[in-house]
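Encoded as structure tokens, the structure appears first; notes follow it.
The values are calculated or read from the model by the stated rules, or taken from the named source; none is laboratory data. Remember, it's a predicted structure, so these values are computed and weren't measured experimentally. Heads up, the Cβs are rebuilt from the backbone with ideal geometry, glycines too, and the neighbour counts pull from every protein chain shown. These area figures cover heavy atoms from the full protein model, side chains too; ligands, DNA and RNA do not enter into them. Shrake-Rupley method; radii C 1.70, N 1.55, O 1.52, S 1.80 Å.
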Amino acid sequence: MTVTFSKIGVVGAGAMGRGIAQIAAQAGSDVLLLDNQPGAAQRGLEAITAQWAKLQEKGKLDAATQAALATRLHAVESAQSLAGCDLVIEAVVENLEIKRALFRELESIVAENAVLATNTSSLSVTAIAAGLARPQRFAGYHFFNPVPLMKVVEVVAGFKTDRDLCARLAAYAKEMGHAAVHTQDTPGFIVNHAGRGYGTEALRIASEGVADFATIDRILKDQAGFRLGPFELLDLTALDVSHPVMESIYRQYYEEPRFRPNVITAQRLAAGALGRKTGEGFYRYVDGAQQTPAEPPVPAIEKLPPVWVSPRAARRAELLRLVHDLGAQIETGATPSPTALILVAPLGFDITTVAAVDRLDATRTVGIDMLVDDAATRRRVLAGTPATRRDIREAAHALFARDGKAVSVIRDSGGFVTQRVVATIVNIASDMCQQQVCSPADLETAVRLGLGYPQGPLAMGDLYGPTNMLEVLFNMQTVYGDPRYRPSPWLRRRGALGLRLTHQED
């Protein structure tokens, strides 16, 4: 079997190093596994061979292949053993000085044409390479955990990295069964940069008291199609991993408001409520099972009031059909009667602003999020103003639950939940394209494979409409006065011209 790198070294026998060593051996390379902890490399080797044995038991490897793989994997005890490697990948602790010292040592051992690569997730590749005599043969090679299952690797070019080297690393990733995406050496690279919108905006929503953690998770899973809610995801990755990444990217971008962390995670990290691994995070875990609070019941309403739908509601025709199909009496006058439930459906604005600007009775006004086609969502989301009467809010809840679809009732929020989170994700991705962090195609691939989003962020923006995303962001910036929501030039120009977000200039 011919591979781009026939003999590689992997330094660090933790979860990441073991995963990299496993797929490299499966690609056909001879792999030397090194760790500075006595016996760790041998334990890593045994863990990998045990994994191959499990694959054989499941019928995914035959005995001959398993035996061949075992001959390609070797535990070594000193860096000198890596002298004959044509690629060495480092997967040690995220500490700049430790990595710099390691690579200075490796550079003095391996041949001049050997490639050195770091699996760093948050440190500058250029900074790690700064002390090397030949930084042109050094690159970032960022895998994701668990490596055999997460089929993407970020190939990161430092300031002096030879671009041909990046092409070789990308070819090798393909031989290992992974998709390679190319990125500039910017904080967070592609995946950790693009992923800033999901968790940080959800934390802002929670910190404003708009909804509790479980409700926010339900909305984003059922309405927007995410596989895990943001707080489930934070519990899975653990706050001792995710919060430092939030802070690191925020600081490295000189406190860019789009990446601003939240005190909620800082406090929980200090308290040791890290997530699944500690049994307590945003949820409690009993024997590994997430304990999710029950949803509030649908209110029992004897008689629904008539419904008046604002002429300025988003997807107004669709909303009118829905209200009709649910059996409500619809008022068609220019203004609502004194007993009507007043329905609005803003993009980006909060319900209070709409009621005030349109001079509607705030005690009877309820908003519904119509960003997503109702037929494509498993959940409807309602919000009132601070003045909305309880009976009106409960009547709206009962009406929109009549066909059995789940309903969440939240407190007033510019952009509800889905609008806020989706627009933030799309805006950050658009700005990454504007900054030429990576190509739009690589951005979409990295986010789908690295974060498991239902679509890439640019495709998400095209699905909901670039002009809608712009409207949400402009209006949220008006409501909150926060530069966090300023639209990226990439999004603003394409939205203004009616172009898809993936449109590239000639």
On the basis of being of a type in the set (S, T, N, Q) and assigned to a strand (DSSP E or B), does GLN290 make the cut? yes
Would you check which residues across the range 442-465 are without any contact (Cβ under 8 Å) to a residue 12 or more places away in the chain and part of a helix (DSSP H, G or I) and list them? ARG448, LEU463
Number of positions in the range 71-118 that are crowded, with 16+ Cβ neighbours inside 10 Å, part of a helix (DSSP H, G or I) and of a type in the set (Asp, Glu): 1
Report whether or not ALA50 is out of contact with any Asp or Glu (no Cβ under 8 Å at 6 or more places or on another chain), farther than 21 Å from ALA173 by Cα and either of a type in the set (Gly, Ala, Ser) or open to solvent by 20 Å² or more (accessible area, probe 1.4 Å) (or both). yes
ILE392 vs (1) open to solvent by 50 Å² or more (accessible area, probe 1.4 Å); (2) in a helix (DSSP H, G or I); (3) modelled with pLDDT of 95 or more: all pass except (1)
Picking from THR161, THR183, which residue would you name as being in contact (Cβ under 8 Å) with a residue 60 or more places away in the chain, under 21 Å from GLN435 (Cα atoms), surrounded by 21 or more Cβ atoms within 10 Å (Cβ to Cβ) and polar (S, T, N, Q)? THR183
Residue by residue through the range 396-405, note down the ones that are more than 17 Å from SER310 (Cβ to Cβ) and either open to solvent by less than 10 Å² (accessible area, probe 1.4 Å) or in contact (Cβ under 8 Å) with a residue 12 or more places away in the chain (or both). HIS397, ALA398, ALA401, ARG402, ASP403, LYS405
Considering ARG258, ARG268, ARG251, which residue is under 24 Å from LEU451 (Cβ atoms), open to solvent by less than 30 Å² (accessible area, probe 1.4 Å) and basic (Lys, Arg)? ARG258
Restrict the check to the range 198-215 and report whether at least one residue is among the acidic types (Asp, Glu), without any contact (Cβ under 8 Å) to a residue 60 or more places away in the chain and either open to solvent by less than 30 Å² (accessible area, probe 1.4 Å) or on the phi > 0 side of the Ramachandran plot (or both). no
Inspect the range 416-435 for any residue being in a loop (DSSP other than H, G, I, E, B) and more than 20 Å from LEU470 (Cα to Cα) and give the result as yes or no. no
For the range 26-70 the number of residues that are assigned to a helix (DSSP H, G or I) and out of contact with any strand residue (DSSP E or B) (no Cβ under 8 Å at 6 or more places or on another chain) is 22
Pair list, Cβ under 9 Å, 6 or more apart: the range 345-371 residue farther than 19 Å from GLN419 by Cα and open to solvent by 10 Å² or more (accessible area, probe 1.4 Å), other residue part of a loop (DSSP other than H, G, I, E, B) and aromatic (Phe, Trp, Tyr): VAL357/PHE349
List every residue pair whose Cβ atoms lie under 7 Å apart, where the two residues are 6 or more positions apart in sequence or sit on different chains, the first residue falls within the range 129-146 and is closer than 17 Å to SER108 by Cβ, and the second residue, located anywhere, is of a type outside the set (Gly, Ala, Ser) and in a strand (DSSP E or B). ALA129/PHE138; LEU132/PHE138; ARG137/VAL115; ARG137/LEU116; PHE138/LEU116
Within the bounds of the range 21-39, is there any residue that is touching a Cys at 6+ places or on another chain (Cβ under 7 Å) and either in contact (Cβ under 8 Å) with a residue 24 or more places away in the chain or within 22 Å of PHE143 (Cα to Cα) (or both)? yes
Conditions first: (1) hydrophobic (A, V, I, L, M, F, W, C); (2) more than 22 Å from GLY158 (Cα to Cα); (3) within 12 Å of the chain's Cα centre (by Cα). VAL417 passes all but one, so which condition is the exception? (3)
Quick one: which residue in PRO296, PRO311 is open to solvent by 60 Å² or more (accessible area, probe 1.4 Å), under 30 Å from ALA395 (Cβ atoms) and in contact (Cβ under 8 Å) with a residue 24 or more places away in the chain? PRO296
If the Cβ limit is 8 Å and pairs must be 6+ apart or interchain, which residue in the range 487-506 that is under 11 Å from LEU470 (Cα atoms) pairs with which residue that is basic (Lys, Arg)? ARG494/ARG500
Any helices (runs of 4 or more DSSP H) falling wholly within the range 136-210 and containing at least 3 residues that are of a type in the set (Ser, Thr, Tyr): 196-207
Expected single match for of a type in the set (Gly, Ala, Ser) and over 26 Å from TYR480 (Cα atoms) among ALA314, ALA300, ALA383 is ALA300
